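Notes follow the structure.
Computed from the coordinates by the stated procedures, all read-outs in this text should not be read as laboratory data. Keep in mind that this is a model prediction, so the values were computed, not measured. Here the Cβ positions follow ideal geometry from the backbone for every residue, glycine too, while neighbour counts run over all protein chains shown.
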Amino acid sequence: MKSKLVICIKEWILKNTIKDMTLSTKMMSRIKPFIFILLLLPSLLWIYKLSINNLGVNPIEKLMHNLGELALQLIIATLLVSSLAQLKYLRALQNLRRMIGLFAFYYVLLHLATYIVLDHYFNWEFLLKDVLKRPFISLGFISFLLLIPLALTSTKAMVKKLTYKVWKDIHKLIYIIAPLATMHFFLLTKADKKEPMIYLLIIFILYAWRIFIKVFKH
Amino acid sequence: MKILSSEITPYKAYLNRRTFIKGTLASSLITSFGTPSLAHHELGNDDFLNQLEENDSLNTYDEITNYNNFYEFGTGKTDPAEHSHDFKPIPWSVSVEGLVKNPATYYLEDILKGITLEDRVYRLRCVEGWSMVIPWQGFSLSLLINKFEPSSNAKYVQFETIFRPEEMPGQRRNVLPWPYVEGLRMDEAMHPLTILSTGLYGHSLLNQNGAPFRLVVPWKYGFKSIKSIVKIRFVEKEPQATWSFVNPREYGFYSNVNPEVDHPRWSQASERRIGKFSRRSTLMFNGYEKQVSYMYKGMDLKKYY
């Protein structure tokens, strides 16, 4: 596998330096398994660290924060990847989007499971109150609910079944999910809003870029 | 008392740790103090544990010194332990101002002269929903207040943390308006449970815990227990307190631990004791209701949160 990656990088560099900057779909499919492992690894590492009690003094809080932070970053990454894929040379990035999106959902699920199981140990009465009463929890929960249809319709078969147009409309939900999830993080932050502000800024730039391209094209 | 002996840091281990810390981490700190009395033990092991209540067990030294909210060193929980090594708590002086007989600046050594340090095992409840049990060394703030002789107009006391951005990396960003300030009503300040602490687990406070001395008010949320104090000001009107100034809707001046009054963004009904898996119910006034509730009789604690 390692040699595959090396060959792939070499090829890409060669191509770049010689004539063509285009990231080919062939190269993309070679890189993909590595990105898969890269995205899976953090969850395995944190779960392992939790099991050997190596996640700091308040491990449940730490685990929940790490999972949520990465989930949010991956949600934003799907937006970024689609924007980059609009560039001629990087069109092949399209093929990465679904995997990143599904990993975002995977980390959201783990984040939610940590909250329900480890933090509140199935105290449903409390959890229900928390979701209804606390704006930041509500926002997180809504983001999760909105992600479900995206995850369920992520297969190629589903695109065919729904027709591309309907499928695309469903997946436009990501434009709502990204700012909601970021606000979920923003609201739970006590004083240092730098990190959520950076995410909001990235989302804003990506949206502005999209609108600009749309207007420009017409 | 139903405390498993395995839940309690054995006294021997605690002494060993002391030796270890003396030998490595904080040797310069402790030796340059020259006054080991800053954290001298008055109690033996049994007396110490007698201060623990049912269901309570001491948090380890490791936990208490590696999980802190001290935004002057950064907003992450491990930032204070990781980014406080440049801070120099020696020499230290405290300026006493406002409605007192003799406003002046005192050296910490002079303040501590003639004062006997006591062991106080207190629960500490953070507004974020976690808690610890900490064996502090310190003395009742009232001893000091009596020394300063405040006038009868002095209804409140305000405290101020040192401002040294060159030694405190967190202060280089305007996350909060520096310097950090906090305040107590005079009766709260004079209450025998309110202490100024100079040490924990038998040795001087580390920088991340508020060296060289800090306030500890066990029935209030942790942020009231201001660290690394350089100013004590006696005033007539309710003084500014940083968090309640920054966000008055979420943090009141009193900030008494109260499971019935939720923080707007999270519930205060339960807490996670650091080192324990399941949450426990938060107690009214953090379990010090018997001792302190008389001070708030007739007050609407939902209004004065």
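Data table
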item: Added length on full extension, which subtracts the Cα-Cα distance from 0.36 nm per residue, A:Asn123 to A:Leu5; result: 37.8 nm
item: Kyte-Doolittle mean at least 0.5, axial Cα span of 20 Å or more - DSSP H helices of chain A; result: A:25-51, A:59-85, A:94-113, A:135-152, A:174-188, A:194-217
item: Value in Å of the Kirkwood radius, where segment A:73-143 supplies the Cα pairs that are averaged; result: 14.0 Å
item: Gain upon complete extension [B:Leu301, B:Ser95; 0.36 nm per residue less C-alpha separation]; result: 70.9 nm
item: Largest to smallest principal axis extent of the C-alpha atoms in segment A:131-184, angstrom; result: 40, 16, 12
item: Alpha-carbon Rg with Dmax, taken over chain A, Å; result: 19.4, 64
item: Between segment A:189-211 and segment B:250-305, the Cα center-to-center distance that results, in Å; result: 35 Å
item: Separation in nanometres of the label points that stand 7 Å from Cα toward Cβ, at A:Lys133 and B:Arg173; result: 3.1 nm
item: Choice from A:Thr163, A:Thr22, A:Thr189 with maximal GNM fluctuation in chain A (Cα, 10 Å cutoff); result: A:Thr163
item: Which listed pairs, of A:Lys193/B:Lys231; A:Lys172/A:Lys217; B:Lys101/B:Lys155; B:Lys147/B:Lys290, have C-alpha distances above 21 Å, in listed order; result: A:Lys193/B:Lys231; B:Lys147/B:Lys290
item: Ranking of A:Ile198, A:Ile177 by count of other Cβ atoms within 10 Å, fewest first; result: A:Ile198, A:Ile177
item: Segment B:215-249 and segment B:67-123: distance between their alpha carbon centers, rounded to Å; result: 14 Å
item: Sparse-neighbour loop sites [trypsin sites (Lys or Arg not before Pro); segment B:168-204; at most 15 other C-beta within 10 Å; DSSP]; result: B:Arg173
item: Rg in Å to one decimal, and Dmax rounded to a whole Å, for segment B:67-135 via C-alpha atoms; result: 16.4, 41
item: Extension reserve of the B:Arg164-B:Lys290 stretch, reckoned as 0.36 nm per residue once the Cα distance is removed; result: 41.4 nm
item: Inter-label distance, nm, simple model (7 Å from Cα along the C-beta direction), B:Lys147/A:Gln86; result: 6.8 nm
item: P(r), alpha carbons of the protein assembly as shown - 20 Å bins starting at zero, rounded %; result: 19, 46, 26, 9, 0
item: Relative contact order for chain A, counting Cα pairs under 8 Å that sit 6 or more residues apart, in percent; result: 18 percent
item: Shielding score for A:135-141, defined as the mean number of other chain Cβ atoms within 10 Å; result: 1
item: Förster-model FRET efficiency, 45 Å R0, A:Ser24 and B:Arg280, C-beta, rounded to 0.05; result: 0.20
item: Kirkwood hydrodynamic radius over Cα pairs of segment A:151-218, then Stokes diffusion coefficient at 37 °C and 0.692 mPa s, in µm²/s; result: 231 µm²/s
item: Kirkwood Rh and Cα Rg combined as Rg/Rh, segment B:238-305; result: 1.00
item: Residues listed by number, segment A:180-209, amide nitrogen under 17 Å from B:Asn247 label point at 7 Å toward C-beta; result: A:182-198
item: Under 20 Å from B:Lys88, Cα to Cα: aspartates and glutamates that are on another chain or at least 8 residues apart; result: B:Glu72, B:Asp79, B:Glu109, B:Asp110, B:Glu160, B:Glu166, B:Glu167
item: Exposure proxy ranking, count of Cβ atoms within 10 Å, fewest first, for B:Phe234, A:Phe122; result: A:Phe122, B:Phe234
item: Sorted by Cβ neighbour density within 10 Å, fewest at the top, the residues B:Lys237, A:Lys129; result: B:Lys237, A:Lys129
item: Cα extents of segment A:31-150 along the three principal axes, largest first (Å); result: 51, 34, 19
item: Those aspartates and glutamates that a straight Cα-Cα span of less than 17 Å connects to B:Lys220, excepting residues fewer than 8 apart in one chain; result: B:Glu128, B:Glu182, B:Asp187, B:Glu188, B:Glu238, B:Glu250, B:Glu260, B:Asp262, B:Glu271, B:Glu289, B:Asp300
